[in-house]
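Read-outs: derived from the displayed coordinates by stated rules, not from any lab. Quick caveat, the model's predicted, so the values are computed rather than measured. Here the Cβ positions follow ideal geometry from the backbone for every residue, glycine too, while neighbour counts run over all protein chains shown.
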Amino acid sequence: MKLRSKFFLGDGLIILISLVFIIFAFKTYWHFETGSVVQVNFQGKTYGNFSLFQDKKISLVGKEGESMIEIKNGQARFKSAPCKNQYCVQQGWIGFTGQILICIPNEISIEILGKTKAYDSLNY
Amino acid sequence: MRFIKFFFIVLGFSFLQSCSSPSLYQSKHYVFGTIVDISIYGEDEKKAEKVTKAVLEEFTRLHNSLHAWEKSDLTNLNESISKNKSYRNASSELIEIIKNARELERASNHLFNPAIGELIDYWGFHQDEFTPMHPNKLKIKALVERGPSLDQLHISGSTIKSTNSHVKIDLGGYAKGYALDQASKIIHTHHIKNALINIGGNIMAIGQHGNKPWRVGIQDPRGAQAIAKLDLLDGWAIGTSGDYQRYFINDGKRYCHLIHPFTGYPVQGVYSATVLIEPSQNAGTLSDVLSKPLFISKKEDRKDIAKKLRIYHYLIIEDKHISMTKTMADKIQFLNPNTQKNNQIEITL
């Protein structure tokens, strides 16, 4: 018997299948990717998509008054809101894909976008 | 060998497909004092836009007809009741809704009670923006003792009369779900095969998202992201009652908008109750209504009430504790492994 150190087709297949599996597993199970873009929705329309890798303040004047959105260090938040309850401000910073902050009185929502979306819509 | 090649080509294509952008039409609107999110898949934009518009018109009509504190057919009815007068010429739709809500109130052992508008109003939740208040024990006791129930309504033809003038109907736990059923009808009559409608968190799926089912995230009641996700199949609906959407905090205590009809106080301790409803004519309505009795009922009564109301799939989140039915556990996937580590997970049958 002679052992040959030849690279068999089967070896290649195993490597390929493993790679495919790794990519598949990564795509399926890796949900907490940090987003790179924040989408700002204002009065039913997309106001704009902004990179999270910048320091920026966006002021939107809606029915209730001025809402201030702040982008910093790869995250976004409502810095100030004109409403009484201040839910959106209290929720603080968001930066992971799929996270969303909503200001109903002033009709603004900000959502972190990534390459893959973990779901189509959110039940709350 | 040829088979292997074929296998890889197919695999390659499936990856390519998952990267290409599908024809998804999405729009967000503000109706019912909340966000309405409509997704339509696989239709040309014009048609999708037209159907979305038709659905929104229906929602606006319902908003104007069923609103609990802005002038509507419902507030007119409530006014007649409070004056001990008969309300004539009620629309057949309103009568149908009240009859159906009454059946659900009975079936839920009156835990779902849309007649307690006076209580909800007292707690200050009949405003778009409410102020924290200090409840007066005696006042609450008096309001509970008035014992309003839809059972006290007498309906003959298009006339509604109440034997209790303290019935004040609030369809806050019904209207959004009913609107989902209406939207589903409109979407079907326009021959749209794939759509996902979300009214303030209550979601109904029609068809699917391309070759995959519609996928829905369930909000973490104490976070800004989803805690879990699940596939919402054709005709299914999902709804959640939570203490994190409409609430105020006074002296460190959280008061949410879900009031226990027997005690008169907001339910405390439960973060959220989610129900998943199988396809039926009124799956949307049930997804809105049935989370309430589960949220409100005592822990030990949950199983019985779920059985009585035929809620097979539910998920309840409390402090460090998550309980769900086996069938729900099979369907959902937690998004963060720590969720299972940090919570005691209880599977019920």
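Here A:Lys72 is the anchor, and the aspartates and glutamates within straight C-alpha reach of less than 12 Å, apart from those fewer than 8 places off in the same chain, are A:Asp55.
Taking other Cβ atoms within 10 Å as a rough exposure proxy, B:His188, B:His166 sort from fewest to most as B:His188, B:His166. Taking the longest Cα principal axis of chain B as reference, the axis of helix B:175-189 is set at about 50 degrees. Rounded to the nearest Å, what's the spacing between the alpha carbon centres of the range B:125-171 and the range B:40-94? Just the number, please. First find each Cα centre; the distance between them is then 21 Å.
Taking a straight line from the alpha carbon of B:Lys331, these lysines sit under 17 Å away, with near neighbours fewer than eight places off in the same chain left out: B:Lys212, B:Lys229. Just check the range B:69-162 against the gyration tensor rule for me: Cα atoms, a ≥ b ≥ c as the square roots of the eigenvalues, rounded for a/c under 1.5, and otherwise prolate or oblate depending on whether a/b exceeds b/c. Here the range B:69-162 falls in the prolate category. Note on A:Ser109, A:Ser18, A:Ser36, B:Ser280: ascending count of other Cβ atoms within 10 Å places them as A:Ser18, B:Ser280, A:Ser36, A:Ser109, the fewest first. Choose one answer from A:Gln43, A:Gln99, A:Gln75: the residue with the largest mean-square fluctuation in a GNM of chain A with alpha-carbon springs under 10 Å. Taking springs between Cα atoms under 10 Å, the residue moving most is A:Gln43.
Remark: mean inter-chain Cβ contacts per residue of A:93-105 equal 4, using a 10 Å Cβ-Cβ cutoff to other protein chain atoms.
Average partner chain C-beta neighbours within 10 Å, per residue of B:60-72?
On the way: counts 0, 0, 0, 0, 0, 0, 0, 0, 0, 0, 0, 0, 0.
The per-residue average across the peptide is 0.
Springs join every pair of Cα atoms under 10 Å in this Gaussian network model of chain B, and among B:Pro213, B:Pro293, B:Pro114 the largest mean-square fluctuation is at B:Pro213.
A cut-off of 5 Å between modelled amide H atoms, ignoring neighbours fewer than 5 places along the same chain, links B:Trp214 with B:His209, B:Leu232. Cβ crowding within 10 Å ranks B:Tyr247, B:Tyr178 as B:Tyr247, B:Tyr178, fewest other Cβ atoms first. For the range B:69-162, the tally of Lys pairs with Cα-Cα distances below 17 Å comes to 4, considering only residues 8 or more apart or on different chains. Per the Debye formula on identical point scatterers at the alpha carbon atoms of the range B:37-95, with no solvent, log10 I(q)/I(0) at q = 0.23, 0.25 Å⁻¹ is -0.89, -0.98. Sorted largest first, the principal axis extents computed over the alpha-carbon atoms of the protein assembly as shown equal 100, 48, 48 Å. According to the calculation over all Cα-Cα pairs in chain B, the P(r) per 10 Å bin from zero is 5, 23, 31, 25, 11, 3, 2, 1, 0 %.
Here is the link list: A:Lys45/B:Lys193; B:Lys53/B:Lys176; B:Lys28/B:Lys176; A:Lys45/A:Lys84. Which ones come out longer than 20 Å on Cα distance? Let's see the in-between values first.
Working: A:Lys45/B:Lys193 25 Å; B:Lys53/B:Lys176 17 Å; B:Lys28/B:Lys176 16 Å; A:Lys45/A:Lys84 24 Å.
Checking Cα-Cα distances, A:Lys45/B:Lys193; A:Lys45/A:Lys84 exceed 20 Å.
Derived value for the range A:37-113: Kirkwood hydrodynamic radius 12.0 Å. Basis is the mean of 1/r over every pair of different alpha-carbon atoms. Within the same chain, lysines fewer than 8 places from A:Lys79 are excluded, and of the rest, those with a Cα less than 20 Å from its Cα are A:Lys56, A:Lys57, A:Lys63.
Between B:Met328, B:Met204, B:Met133, the GNM of chain B built on Cα springs shorter than 10 angstrom shows B:Met133 fluctuating the most.
Here the Karplus relation 6.51 cos²θ - 1.76 cosθ + 1.60, evaluated at θ = phi - 60°, turns the backbone of the range B:122-130 into coupling constants of 4, 6, x, 8, 8, 8, 5, 10, 10 Hz, with x for every Gly and Pro.
Among DSSP beta bridges lying fully in chain B, give the percent that are antiparallel, nearest 5. Show your work: numbers first, answer last.
Working: 56 of 62 bridges.
Rounded to the nearest five, the antiparallel share is 90 percent.
Applying the Karplus relation 6.51 cos²θ - 1.76 cosθ + 1.60 with θ = phi - 60° to the range B:51-60 yields 3J(HN,Hα) values of 5, 4, 5, 4, 5, 5, 5, 5, 5, 5 Hz, where x marks Gly and Pro.
Shape class of the range B:127-196 from the alpha-carbon gyration tensor: oblate, with a/c at 1.5 or above and b/c at least as large as a/b. Tell me what chain B gives for mean residue ellipticity at 222 nm when only DSSP H runs of n ≥ 4 count, each as -39,500 (n - 2.57), the sum divided by the residue total, rounded to 500 deg cm²/dmol. The helix-only estimate for chain B comes to -11000 deg cm²/dmol at 222 nm.
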